[in-house]
């Protein structure tokens, strides 16, 4: 589906700048457009120039601040492309030789930071409507030739080794922008649906998260000889920070249930952890999860919400990150935009697990639901058939499972019996069971691995490129 | 300032319901108003009824689902107050004895969950404009008399022991709503300012966060005898998950700088950790931080942004959580609304550290800036006087320090010299220093402890009540 990593453009620097000629210099004047409110020194974001669709910028004096991507010298001019991270494209700055600070131009190497004051003019070149004719140029920070991001393509693997610099590349910057848009669209969606944002705990001493592969969190000495022990030689956790073993959470679901059973509808959006020793392109030791939980809701409501959510965030990304997605469509996955459009437009398929044929190819997302109870978690609600549970997974072409969810077992008696059946102790879950003891309600929720969503929407294949600083076995650098 | 905790209303149940009389039953009909989109079973949130300011609801049939707060039986009617967490107030439901399902009423004890279908009518009682005249009543989940949240006041301390149930109380539910509104307003603010949301890493093996009090994250065996050791008896971290000691982050700032120096303006909003063994009302072992980082920005820009941010989130909370804040103003801090209004309206005071007199009382927020360099962190930019750094703190009445920030030292030579001076090794910070080596830019940022903001906006004094499941020494329950 996507290009292989080795050949993919980590830094796809643009073609040589289009020829500029004299340009139509408008009236210099009026105040420059500020980057934001709050009195900040007047900086015009490149995005405001490159994505302007009407003319108010034309002829205005602006201050552009960013980093040099390319430079091309001609007889009477230099052409410098400046990128400030606000959008995929850089703005072309034309520096006439008669600018008083022209001597700065020779220090404008790739990666140098620069501040340019100039006038927005129509660009005679292809690829952009406007360019900036410089009146003043200042080198803010030079960039020596050993800068690792010179004008050439780098593999994504190479870039992972310089994760502190890789957001300066087209690919990783675009991922960062799409990721941010998806996160903000997530908050928008749930707010509009009347959900409260719950920040569920990261450290947990609760036994009931169980599920093996957890990281332990401790303040006990790292030197073995100094670790306090009990008479039988076991570690004395009463001297650890929390007075007992504590771990990093694998899910906010149980916390979400406590709050849904009080506040109606809530969602979490926070980091979760798996200490699985697997080095795949689909797993991270630290990743972000979105976990909505809805009271007075059943499995159908769960699927309805998940479908509306995915459609919303995909639509939003297409709306605000158009040029980033075009870039991914061009260099990573030629079918990306087409696939996202289908997600946006077509109803998702729904098919019972029993009738679902894995080999059937759908061109859109598929909910598989009503799974055999024995392969699913204890908290999922038993269906009337005694064989299946009200669980669902959302499968999408390319990424596979994007969402897993279920209606929760809200009947105390059934839940406690199932815990025993699954070799769990109801006593460990006293507070979880309390939700069923006092004014229990049908409720349902799901979890979405955020980095998988980022991979899906960008077409980037390796999940380590979907998060700023990936954590995996042997790797927690930066 | 606020009431003492012992006497504060953990669960402030309302007065007895106002008398209802017959009410003006409108035309039952039209589809009920759904709780959200996505096809969910028609549920009308209580908020939609209680905060309705015009009449489209009047006469409509609605389905209200929630939990019983109080019940009062009269000869021909029962009055039940139902709360669904969507707002402070519950809706009054009038159940005439001739409703076919009237027998359900006796099981409607405090805490029971209930589903009511009925017609929205004008309420003759005080305190609400509308009430619901029931046509059908179903008990969804009963609530036995041992339910800990009976109709009486509980201390906040007691409620911390049942953190899984406390969002069912007025106080903690209101905190949850205000917290959610503040979080969503945070994302709004930074998006409108053109910032990207960066999710900085939680687990770090980077030495440079230093600062002592960190939690260690490990997958090594908890049994001392099984921990792998080197010949000298020290722990063999090459066998730990990350191949070296790893810790929970204390700040996302350094990650923020890497991205600001590529993407312009970014902010983090995630959990951070301190393993400090302090049991105070102002410290948590796990708390959420908001950390913006801006390129091409100085200390003044930093303060401007922080001021605009605080004003924005306070205004938003006042706008969308009015009745919650009125509740806090009434029961926790009589000056709360007045103080928030001043934050919203008045410019913040700015005063150099040298001239700042701690005993001067300001009635609004104060930026103290240009601190002596020796008491501040190494990464803060040295001022020209050689004695101070471009650092600022935002102090607010009641809570104290709400924000700490600085312009960062962007000059490589000065930064490395200062590291040596502060007994740090520049080699450990190679990647941080790279930001200064390649196209360095002036940049600035700050950190805001989110729970302190929640305390400030709600008037709640103990920070353990500002987060869903607080973590502190000896306590990581639920």
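Rule-based calculations on the coordinates, nothing more; no lab input. These numbers come from a predicted model, not from an experiment. In this analysis, Cβ positions are derived from the backbone assuming ideal geometry, glycine residues included, and neighbour counts consider all displayed protein chains.
Suppose R0 equals 41 Å; then what is the FRET efficiency for residue B:106 and residue A:377 from their Cβ-Cβ distance, rounded to the nearest 0.05? FRET efficiency, residue B:106 to residue A:377: 0.65. Taking only Cα atoms, what is the 0 to 90° angle, nearest 10, from helix A:322-331's long axis to the longest principal axis of chain A? The helix A:322-331 is inclined about 90 degrees to chain A.
Of all DSSP beta bridges in the protein assembly as shown, what percent run antiparallel (nearest 5)? Present the calculation step by step, with values, prior to reporting the outcome.
Values: 141 of 159 bridges.
Around 90 percent antiparallel, to the nearest 5.
In chain B, the longest principal axis of the Cα atoms and the axis of helix B:412-421 are about 90 degrees apart. In the stretch B:26-146, the convex hull through the Cα atoms has an average projected area of 7.7 nm², a quarter of its surface area. Of all beta bridges that DSSP places with both ends in chain B, some 90 percent have antiparallel geometry.
Distance between the pseudo-spin-label points of residue A:359 and residue B:51 (7 Å out from Cα toward the beta carbon): 5.4 nm.
The value of relative contact order for chain A, using C-alpha pairs under 8 Å at least six residues apart, is 14 percent. Neighbouring Cβ atoms from other chains, within 10 Å of the Cβ of residues in A:217-228, number 6 on average.
The Rg/Rh ratio for chain A, using Cα coordinates for both the radius of gyration and the Kirkwood hydrodynamic radius, is 1.06. Taken residue by residue and averaged, Cβ atoms of other chains lying within 10 Å of the Cβ of B:428-438 number 4.
Counted over the stretch A:26-146, the DSSP beta bridges are approximately 95% antiparallel. A Förster radius of 51 Å, combined with the Cβ-Cβ distance separating residue A:344 from residue A:152, puts the computed FRET efficiency at roughly 0.90. Along the Cα→Cβ direction, 7 angstrom out, place labels at residue A:352 and residue B:138. What is the inter-label distance in nm? Here the answer is 2.3 nm between the modelled labels. Each Cα pair under 8 Å and six or more residues apart adds its sequence gap; the mean of these over the residue count of the stretch B:61-145 is a relative contact order of 31 percent.
Cβ-Cβ distance of residue B:74 and residue B:319, R₀ of 30 Å, FRET efficiency by 1/(1 + (r/R0)^6): the value works out to about 0.20. Across peptide B:122-133, the average count of Cβ atoms from other chains found within 10 Å of a residue's Cβ is 0. For the pair residue A:145 and residue B:129, label points projected 7 Å from Cα toward Cβ lie 7.4 nm apart.
Protection proxy ranking for A:284-297, A:219-232, using the average of other Cβ atoms within 10 Å per residue and placing the highest first: A:284-297, A:219-232.
Calculate the translational D of the protein assembly as shown in whole µm² s⁻¹ from Stokes-Einstein, where the hydrodynamic radius comes from the Kirkwood formula applied to all Cα pairs, the temperature is 10 °C and the viscosity 1.306 mPa s.
On the way: Rh = 29.9 Å.
Answer from the Stokes-Einstein relation: 53 µm²/s.
Seen against the Cα atoms of chain A and their longest principal axis, helix A:299-320 is set at about 10 degrees.
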